[in-house]
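The values are calculated or read from the model by the stated rules, or taken from the named source; none is laboratory data. Keep in mind the model is a prediction, meaning the values are calculated, not measured. Glycine gets a Cβ as well: all are built from the backbone with ideal geometry, and neighbour counts include every protein chain shown. The accessibility values were calculated without ligands, DNA or RNA, using every heavy atom of the protein model including side chains. Shrake-Rupley method; radii C 1.70, N 1.55, O 1.52, S 1.80 Å.
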Amino acid sequence: MLPAYAELHCLSNFSFQRGASHPEELVAQAAAFGYRAIALTDECSFAGVVRAWRALQALPEAGRPRLIVGCELRLADGPCLVLLA
């Protein structure tokens, strides 16, 4: 188990041709690894957040990672920003 670890940039399959795993799978794996939190940061979208939240609610409260909502934005001149709420 990793102490106080949180994944802060995670793409689901809602990030077309970039993310491979369903939000539910990402949440389950984060819980299995003992992560404190997972930030779902799909590209230009919050589409996977509802599925991730529902998957978290199905887990036992003890050891349940916190869901951080975010979004990855690519600007026209190239930089990538990851915004977290």
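Give Ala58, Ala52 a once-over and let me know the one that is out of contact with any Lys or Arg (no Cβ under 6 Å at 6 or more places or on another chain), surrounded by 15 or more Cβ atoms within 10 Å (Cβ to Cβ), closer than 13 Å to Glu24 by Cα and not acidic (Asp, Glu).
Details: Ala58 fails: surrounded by 15 or more Cβ atoms within 10 Å (Cβ to Cβ).
Residue meeting the stated conditions: Ala52.
Run down Ala47, Ala62, Ala31 and say which single residue is in a helix (DSSP H, G or I) and out of contact with any His (no Cβ under 9 Å at 6 or more places or on another chain). Step through it out loud before you land on a result.
Working: Ala47 fails: in a helix (DSSP H, G or I); Ala62 fails: in a helix (DSSP H, G or I).
The unique qualifying residue is Ala31.
With the requirement that a residue be farther than 20 Å from Tyr5 by Cα, open to solvent by less than 60 Å² (accessible area, probe 1.4 Å) and not in a loop (DSSP other than H, G, I, E, B), what does the stretch 73-85 give you?
Once the filter is applied, which keeps residues that are farther than 20 Å from Tyr5 by Cα, open to solvent by less than 60 Å² (accessible area, probe 1.4 Å) and not in a loop (DSSP other than H, G, I, E, B), the stretch 73-85 yields Leu73, Cys80.
Give me the pairs: first residue in the stretch 67-79 and more than 12 Å from Ser45 (Cα to Cα) and in contact (Cβ under 8 Å) with a residue 40 or more places away in the chain, second residue open to solvent by 60 Å² or more (accessible area, probe 1.4 Å) and assigned to a strand (DSSP E or B), beta-carbon distance under 8 Å, and six or more apart or on different chains, which are they?
Ile68/Leu8; Ile68/Leu84
Can we say Leu26 is of a type outside the set (Gly, Ala, Ser) and open to solvent by less than 60 Å² (accessible area, probe 1.4 Å)? Step through it out loud before you land on a result.
Working: of a type outside the set (Gly, Ala, Ser): yes; open to solvent by less than 60 Å² (accessible area, probe 1.4 Å): yes.
The answer is yes for Leu26.
List the pairs whose first member sits in the stretch 38-59 and is among the polar types (S, T, N, Q), whose second member is open to solvent by 50 Å² or more (accessible area, probe 1.4 Å), and whose Cβ atoms are under 7 Å apart, counting only residues at least 6 apart or on separate chains?
Going by the 7 Å Cβ cut-off, the qualifying pairs are Thr41/His9; Thr41/Val82; Ser45/Phe14.
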